[in-house]
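Trainee: Take a look at this one; I'll ask things after.
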Amino acid sequence: MIHRLWRPIRQYRVAWGFLLPAILGMFLVHFLPLVQLVGISLLDSRRTNLGLGLSAPAVGEGTGILGNYVSILTEKSDPFHLGLVDAVWNTILFTAVVTACSFFLGLLGALLLEKVGRKGFWRTLLVAPWIVPAYVVGLVWGVFWQQDSGVVNQSLHALGFLGEDRSLWPMWLSGPLTRWALILPAIWREWPYALLLFSLGLQTIPRRIYEAAKLDGANGWVRFRKITVPLLIPAGSLVLLHGVVYNAYSFNLPLMMFGAGSGNGGKQGDLLMPTIFRNTFQRWDFGRGAAATVVLMVGMLFLVALWYRVFRSDLEKLR
Amino acid sequence: MRKLPMLMLGVILGIGTLMGCRSRDTLPEGDGKTRLRLWAMPNTEGPKDVLDQILVRFRAQNPDIEVEVEIIDWGAAWDKITTAVSSGAGADVFQLGTTWTSSVTAMGGLLPLDGLLQRIGGDSIFVSSARSYMKPIYADSITSFPWFVDVRPMFYRTDVLAKAGIKPEDMFSNWDSYLTGLRKIKAAKVTLEGQRVEPLGIAGKDWNVFHNFYPWIVGNGGGIINDLGDSVLLDDEKSIQGVMAYLRFFREGLAPRAYLEKGAAQVSHEFDEGRIAVWQETSSKLVYLERPLREGGDNSPGARHFAAVLPPEGPAGRKLFIGGSNLAIFKSTRHREAAEKLLAFLTTDSVAVLAFCKISGFAPALEKTFQDPYYRENPNRVLFRDLVLSSKPYPAVPYWGDIETVILNKHFGNILDIAAGNQAKDPSKDKEGSFSEEAVRKELKTAAEQIRALIQREIQSNPANAARLARLRQVDR
């Protein structure tokens, strides 16, 4: 067994030598903190025993070793639990809508870019929102959404969608509309990234394939369905993966948009990361904060595994 | 041969890395002076210069002590202080938000100050409402001294009240007269300097969301938890009606609904710009409003026509929010005597306290400071002492921070979201985005249940706390 493992290492020892610092780095930076995170999630690590660090006692008697997990997932009187339930649903909706809209807008934008001249200029212009830091987007849109003075309601009023009585104008940062107040700026910031990836994907498709199909009498729609879509799957899969992971972990945008940086999005505007942050770091409740993070991480690992299973064959074609 | 330069490079990089990791716990001491580090938050403009200016006298009185002032941002302060407590590596003297004192004391990282308190003449030198955080409920010792307090007068537009025919002394007398006054302002449809003036400004879901509700809950005879911190009052009828009394301002249109989406700084600006007649804010607002034009003061309608007044009295009396900061010493200090001198100077030297409060606009915690003409002769500041004496501090229990930051701010934010909705046609149906008293009650009940569970867990998890609580209950009886 050892001999079988050792053989490829000996065979490619120079390559392994070059890889060793990276492997060590990955072990120290990624793997050890992950193990530590899981370890902390089993501890009763909180404000009162902060000084004990990893020597904090295991979760109390009667609740079992998984007490922190049970508490955050099932106990209705646990503030973490209630916040988590709202935040999970908000995050699922947020992630699904933002990823789907960014995907289709990015694809549409990339296809349109193929038809216009000065592609570089337009691409640079369109990618601009993506380079704005998320916390700046949160702050700026927090002002845009204001009921009485925000540019959104003012514009809707100027276009005739809203009447003169400002007190009847929609409130974007309170109540059910809060979800859209989060989703729209996130799409605004994210779709250019999808556009960029799809544009790069389109450039890798050889022109001669289209020309051959054209000679065979395939119309535009058939060429799109039979050539563009299959060959864009690798780029599309990356857009999906990035969208799901990035949006599920969204933090700066909701934190800065609500309550002048207090991050209080209310029942409809609270996402998972701000909830975990508040409960963990404003209360120093590391045990349950780590448990919530592990649950989120396992959920994300499941999604990434699903993604890999769905797109594996397409990704392997890239080799 | 090629190995040698690589080895040297490795050694240099290694030493560089280790030097980069060198602790900043201690300051160099080569000239025989004791060097102290003071951590303070930005309480004023140019906070470091202000403190250095105040410390000039201390340095003259104590030539053997050097003080290095470090300003830490409010957003990072909690992390930095609690990390310092648990690691034993921090400054010598540091500022502590009053509601943090119990938590940090419970972590066991603060130096007991009972001896120092005895030497300076006991706690009666501080105003009574600022004393509760000096020795938190579960603590055995005094662990901090009050430095300054954050109290919140009401600011009103003198010209608006005059135009609406309202006498301020009548309007701000009690909750009923206050409500009547606001309704009168609304009915008068006052327009001044080309702007329609709304009666009241209240901020929405920002950091202060719970502080704003609090006086209406306790003023109505309710509360959040009792003074011992072992039973929950939030779902009592008086507390619920206190919350409803506050929400009435939005529901009746006395405070614009749009303000539910604004933070305190934004609504404060609305007052300055002349768009609201009444606004409650921390006393430091006076520094801004009173600043003469030649010193960069404001010429806005708010600054030209304002006065400060005590908030109205509720059915259970005038019980107001009080915040502020204490000063404490880390147990890990190696300069106990010098640190105590510095802490005593900043908190009990009336010249130093007055100088700081004049610049920051906060009210002093040191009782004798109020005898200064600065407070006795100014019509707006004369009410500062009454504001301090009318305030009711939050219970000084270690878990108050958890209750406030996670449970109360969340649920009271949700309540403001409910208040923003249209009146529910059928209150028994919990329709998202609609307002009903039932929805508010439900939110308060959930918050109360969570606080109960949290208190139970806190007391159960710490047998020493349970024993102390039993003793305190006996004394209370």
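Throughout, read-outs are computed from the coordinates displayed, never taken from laboratory work. It should be emphasised that the depicted structure is a prediction, and the values quoted were computed from it without experimental measurement. For neighbour counting, all protein chains shown are included, and Cβ atoms are generated from backbone atoms with ideal geometry for every residue, glycine included.
Trainee: Just rank A:Met300, B:Met134, B:Met107, fewest to most, by other beta-carbon atoms within 10 angstrom.
Mentor: Ranking A:Met300, B:Met134, B:Met107 by Cβ neighbours within 10 Å, fewest first, gives A:Met300, B:Met107, B:Met134.
Trainee: Further question on the same structure: Considering the alpha-carbon set of region A:260-306 alone, what are its Rg and its Dmax in angstrom?
Mentor: 12.4, 38
Trainee: When we measure straight from the Cα of A:Lys214, which lysines land under 18 angstrom away, once same-chain ones fewer than 8 places off are left out?
Mentor: Cross-link targets: A:Lys115, A:Lys226.
Trainee: Now a separate question. Counting pairs of Cα atoms in chain B, how many percent are more than 34 Å apart?
Mentor: 41
Trainee: Next question. Please compute the alpha carbon radius of gyration of region A:53-111, then divide it by the globular-protein estimate 2.2 N^0.38 Å. Two decimals is fine.
Mentor: 1.86
Trainee: Using the membrane-span-like helix rule (whole DSSP H runs, Cα extent along the own axis of at least 30 Å, mean Kyte-Doolittle hydropathy at least -0.5), which helices of chain A qualify?
Mentor: TM-like helix candidates: A:79-115, A:178-203, A:286-317.
Trainee: Compute the helix-to-body angle for B:175-188: its Cα long axis versus the longest principal axis of chain B, expressed 0 to 90° and rounded to tens.
Mentor: 70
Trainee: Give me the angle, in degrees from 0 to 90, between the Cα long axis of helix B:350-360 and the longest principal axis of the Cα atoms of chain B, rounded to the nearest 10.
Mentor: 60
Trainee: Expressed as a rounded percentage, what relative contact order does chain B have, with Cα pairs under 8 Å and six or more residues apart?
Mentor: Reported relative contact order: 22 percent.
Trainee: Which semi-axes, in whole Å and largest first, does the equivalent ellipsoid of region A:51-185 have when worked out from the alpha carbon gyration tensor as the square roots of 5 times its eigenvalues?
Mentor: 41, 25, 14
Trainee: May I pose another question? Kindly rank B:405-414, B:457-466 from highest to lowest mean number of other beta carbons found within 10 Å of each residue.
Mentor: B:405-414, B:457-466
Trainee: Continuing with this model, one more query. Helix B:237-251 sits at what angle to the longest principal axis of chain B, using alpha carbons and giving 0 to 90 degrees rounded to 10?
Mentor: That helix lies at roughly 70 degrees to the long axis.
Trainee: Hey, another quick one. Pairs B:Lys33/B:Lys331; B:Lys33/B:Lys285; B:Lys189/B:Lys445; B:Lys48/B:Lys135; B:Lys189/B:Lys442; B:Lys48/B:Lys410: which exceed 30 Å Cα-Cα?
Mentor: B:Lys33/B:Lys285; B:Lys189/B:Lys445; B:Lys189/B:Lys442; B:Lys48/B:Lys410
Trainee: How fast does the protein assembly as shown diffuse by Stokes-Einstein, in µm²/s, taking the Kirkwood radius from C-alpha pairs at 20 °C and 1.002 mPa s?
Mentor: 71
Trainee: For A:Tyr249 and A:Thr124, what is the calculated FRET efficiency with R₀ set at 25 Å and r taken between the beta-carbons, to the nearest 0.05?
Mentor: Using R0 = 25 Å, I get an efficiency of 0.40.
Trainee: Oh, and also: When B:Asp386, A:Asp86 are ordered from fewest to most other Cβ atoms inside 10 Å of their Cβ, what list results?
Mentor: Ranking B:Asp386, A:Asp86 by Cβ neighbours within 10 Å, fewest first, gives B:Asp386, A:Asp86.
Trainee: What number, rounded to the nearest 500 deg cm²/dmol, is the helix-based mean residue ellipticity at 222 nm of the protein assembly as shown, given -39500 (n - 2.57) per DSSP H run of at least four residues and division by all its residues?
Mentor: Helix-only estimate at 222 nm: -16500 deg cm²/dmol.
Trainee: Quick one: of A:Lys267/B:Lys186; B:Lys205/B:Lys392; B:Lys80/B:Lys368, which pairs are farther than 25 Å apart, Cα to Cα?
Mentor: The answer is A:Lys267/B:Lys186; B:Lys80/B:Lys368.
Trainee: Over region A:79-283, what is the mean sequence separation of C-alpha contacts under 8 Å (at least six apart), divided by residue count, expressed as relative contact order in percent?
Mentor: Reported relative contact order: 38 percent.
Trainee: Here is a further query. For B:Ser124 and A:Leu34, what is the calculated FRET efficiency with R₀ set at 45 Å and r taken between the beta-carbons, to the nearest 0.05?
Mentor: 0.25
Trainee: Let me ask something else. If you take each beta carbon of peptide A:169-178 and count the beta carbons of other chains within 10 angstrom, what is the mean?
Mentor: 6
Trainee: Per-residue mean of other chain beta-carbon atoms within 10 angstrom of the beta-carbon, peptide B:257-269?
Mentor: So the per-residue partner count for this stretch is 5.
Trainee: Looking only at Cα atoms, what is the convex hull volume of region A:79-283 per residue, in Å³?
Mentor: Convex hull volume per residue, Cα atoms: 145 Å³.
Trainee: With just the Cα atoms of region B:222-319, tell me how far they stretch along each of the three principal axes, in Å, largest first.
Mentor: 53, 30, 22
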